[in-house]
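Before any comments, here is the structure.
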Amino acid sequence: MVAELGHFALILALGVALFQTVVPMVGAYRGSPAWMDSARPAAIAQFGLLAISFAALTQAFVTSDFSVRLVYENSHTAKPMLYKITGVWGNHEGSMLLWVLILALFGAAAAVAGGNLPPSLRARVLSVQGAIGVAFLAFIILTSNPFLRFTNPPFDGRDLNPLLQDPGLAFHPPFLYLGYVGLSMSFSFAVAALIEGRVDAAWARWVRPWTLAAWMFLTVGIALGSWWAYYELGWGGFWFWDPVENASFMPWLLAAALLHSAIVVEKRESLKSWTILLAIMAFGFSLIGTFIVRSGVITSVHSFASDPARGVFILAILAFFVGGALTLYAARAGAMTAKGVFQPVSREGALVLNNVLLAVSALVVFVGTMWPLLAELLWDRKLSVGAPFFNKAFTPFMIVLAIVLPLGSILPWKRGQIARAARPLAAALVLALAVATLVFAVSTGRSSIAVIGAGLGAWLIFGAAAELWHRTGSAGLGRLARLPRADWGKAIAHAGVGVTFIGVSLLTAWQVEDIRVARPGESFDIAGYQVTLVDVAEVQGPNYLSTTATMRVRRDGREVAVMHPEKRVYPVQAMPTTEAAIDGGLFRDLYLVIGDAQADGGWAVRAYVKPFAFWIWLGSGLMAVGGLVSLTDRRYRVAAGARSRRLAAVPAE
């Protein structure tokens, strides 16, 4: 009965979404306040209905109701409760229900928090948001119904994919979807602005918090996925340039560009057309990611489904919304004339360069991701585009971006002088060069990756600190606490990029790896550590069998850690997984993996010493914290002053 209630709520949500799409848009066209205001209760009602539907599906998983087909295919009575709950979105149908729930959540949030928006703009934003909901609710109901039942329920389920039974993957999809789907708000604002024919400073002030929130959640989601790949897959890497990884990275790059271009619209009323285009493409690439994960056109460990029919449906949604928005953009672009003029050497010029670098980087990732598919489709050739291509094609743009970021942040608006703007950064430059020199002195083989990456990372960190100090003027430390939170957020986020630069470069250059066969009782050395394989035992887990090794690590005769890498087999799916043992630290990780038993009684063992690995996720966390700090700035939360400026709109031609 609960599953039927969830299904019924899902169908009602589709009806409410249809109402939310049509009535407010017509009301905005006719100038009817009542019709426009109907968007707000409709958006809230849609969210409430989808929350009921999602709760019904969650209840089916928690109670192991195997009469529901989706529960049977993705759960088991022996599975721990955490993974019963996360099994709700650990599959195609449930994850799509989470997708539309988050979509409705953003719509409801805009309805509640959008009281200071012009009624016509708010109505159109919520109407576009409702239209996206209609498309995906129809997709779920017609092709991916999560509430299908068995006539004769089986006794037990087939269990969740063992790779997904992990805390990192439990929280990775919700954060990723909050980012993916959150960009729908930027898209809705862009389309609503195109329909109205007005893009001004007020519009930029309203759209920035939504974009910032989506970018922040996407940052956390990508970082959690990277962290999971690092410790769960057992290969010791944090980024593989997998197509599905790239599918989340491309919207992140475009959202970062959108955040920076919206600043120019807000401050100088320039880059209007470009900012609208970025808002369309950022969500468009989110839809492309949804297509990649669920269509089966690209094989990946992260894929949810491999159903071409579903892929065609999502492709149609992508074509309708992105194609329609771009058509509207082409019709309205002439009306979005820029008011502010600026010299190339200025804050605006630096932000334009920032946008070019981020957009081209996203294009490089897109080409590398889709090229094998296009080559097979057009020329029947099987190609593989891997890490070497991405590293060579993508890295130079990030290097240039890191060089110009601190300088661009400190340049004045409209026009500036590089020499004058660089003076406050002199100390940061000296410290960055000192760090690069230190890394060069201690590098084995004089690795350029380590030197360049550490130097650029230090330049970003010290540059962010120098910018904050520069903004205090002659007031000194007392002024720091009174700086706007947006300034603090920007500095923290930029410093986070620098921390990640240092972590990636030093880990790549200085990692030490040892692969061997070891017998119980044998020891081996790696990078100054002595590792002893003490024992290997069979251990019964809650819903798996584990081959668990006990490995003791010493350095200079002192015990550093006792570690327990595992190989697990989940009997229901007969699928093995690797559980690396990691002794983490601020400056290095010890990473041990136990492999298969050998004929001579030994065990395959892989050992790594990974310098500064923690800094990769520390930097990601700082970026997210920077976004959160900026969101707490009152100017973003209530769009202070936006109402008074919105009359300076650009009329449609």
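FYI, it's all coordinate maths here, none of it is from the lab. Predicted model, so just to flag it, every value in this text is computed and none were measured. A quick note on method: Cβ atoms are made from the backbone with ideal geometry, for glycine too, and the neighbour counts reach across all protein chains shown.
A few notes on this one:
- For the chain, the dipole from Cβ point charges (+1 on Lys and Arg, -1 on Asp and Glu) about the Cα centre works out to 2900 debye, to the nearest 20.
- Entry note, segment 167-259: relative contact order of 39 percent, from Cα contacts under 8 Å with a spacing of 6+ residues.
- Fraction in percent of alpha-carbon pairs per bin - 5 Å, segment 37-131: 3, 14, 21, 16, 12, 10, 10, 7, 4, 2, 0
- Under the criterion of Cα pairs below 8 Å and six or more residues apart, the relative contact order for segment 1-160 equals 37 percent.
- Relative contact order (%) - the chain, alpha-carbon pairs under 8 angstrom, separation at least six: 13 percent
- Farthest towards the positive end of the charge dipole of segment 512-611, among the residues Gly595, Thr578, Ala561, is the Cα of Ala561, using unit charges on the Cβ of Lys, Arg, Asp and Glu.
- Beta bridges assigned by DSSP with both partners in segment 475-606 are antiparallel in approximately 100 percent of cases.
- The equivalent ellipsoid that matches the C-alpha gyration tensor of segment 93-231 spans semi-axes of 34, 21, 10 angstrom, in descending order.
- If you look at the Cα atoms of segment 94-140, you get an Rg and a Dmax of 11.5, 36 Å.
- Panel order for Ser261, Ser546, by other beta carbons found within 10 Å of each beta carbon, from fewest to most: Ser546, Ser261.
- Altogether, the Stokes-Einstein calculation at 20 °C and 1.002 mPa s, with the Kirkwood radius of segment 449-597 over Cα pairs as Rh, returns a diffusion coefficient of 112 µm²/s.
- Cβ-based exposure ranking for Ile132, Ile195, in which fewest neighbours within 10 Å come first: Ile195, Ile132
- Long-range Cα-Cα pairs in segment 512-611 (distance over 21 Å), rounded percent: 32 percent
- Within straight-line reach of Lys610, meaning a Cα separation under 27 Å, sit the following lysines at least 8 residues removed in sequence or on another chain: Lys392, Lys567.
- The chain - mean residue ellipticity at 222 nm from DSSP helices (-39,500 (n - 2.57) per run, n ≥ 4, rounded to 500): -21500 deg cm²/dmol
- Applying a DSSP loop filter and a limit of 13 other Cβ atoms within 10 Å to the chymotrypsin sites (Phe, Trp or Tyr not before Pro) in segment 120-176 leaves Phe150, Phe155.
- Here the Karplus curve 6.51 cos²θ - 1.76 cosθ + 1.60, taken at θ = phi - 60°, turns the phi angles of segment 576-587 into couplings of x, 9, 10, 10, 5, 9, 10, 9, x, x, 5, 10 Hz, with x standing for Gly and Pro.
- Asp166, Asp556 arranged by Cβ crowding within 10 Å, fewest neighbours leading: Asp556, Asp166
- Alpha carbon centroid spacing (whole Å) that separates segment 528-546 from segment 232-283: 42 Å
- Mean Kyte hydropathy of 1.0 or more with a Cα span along the axis of at least 18 Å, helices from DSSP in the chain: 2-30, 39-62, 92-113, 119-143, 167-196, 272-295, 308-332, 347-379, 387-410, 426-442, 448-471, 614-631
- For segment 1-160, diffusion coefficient by Stokes-Einstein and Kirkwood Rh (Cα), 4 °C, 1.567 mPa s, µm²/s: 80 µm²/s
- Scoring 340-348, 375-383, 607-615 by mean Cβ neighbours within 10 Å over their residues and listing the highest first yields 607-615, 340-348, 375-383.
- Separation of segment 573-625 from segment 554-570 is 11 Å, based on Cα centroids.
- In loop segments of segment 493-558 as defined by DSSP, the GluC sites (Glu not before Pro) with at most 16 further C-beta atoms inside 10 Å of their C-beta are Glu522.
- Point-to-point label distance, Phe155-Ala426, nm (Cα→Cβ direction, 7 Å offset): 8.1 nm
- Inter-part distance where segment 335-389 and segment 167-207 are each reduced to a Cα centre, Å: 20 Å
- Length added when fully stretched, Lys382-Thr437, from 0.36 nm per residue minus Cα-Cα: 15.4 nm
- Taken one residue at a time, the phi angles of segment 542-551 give Karplus couplings (6.51, -1.76, 1.60, θ = phi - 60°) of x, 9, 7, 10, 10, 9, 10, 9, 10, 10 Hz. Gly and Pro are set to x.
- Among the chymotrypsin sites (Phe, Trp or Tyr not before Pro) found in segment 218-280, those both in a DSSP coil and sparsely packed, with 15 or fewer other Cβ atoms within 10 Å of their Cβ, are Trp235.
- Using the alpha carbons alone, the radius of gyration of the chain stands to its Kirkwood radius in an Rg to Rh ratio of 0.99.
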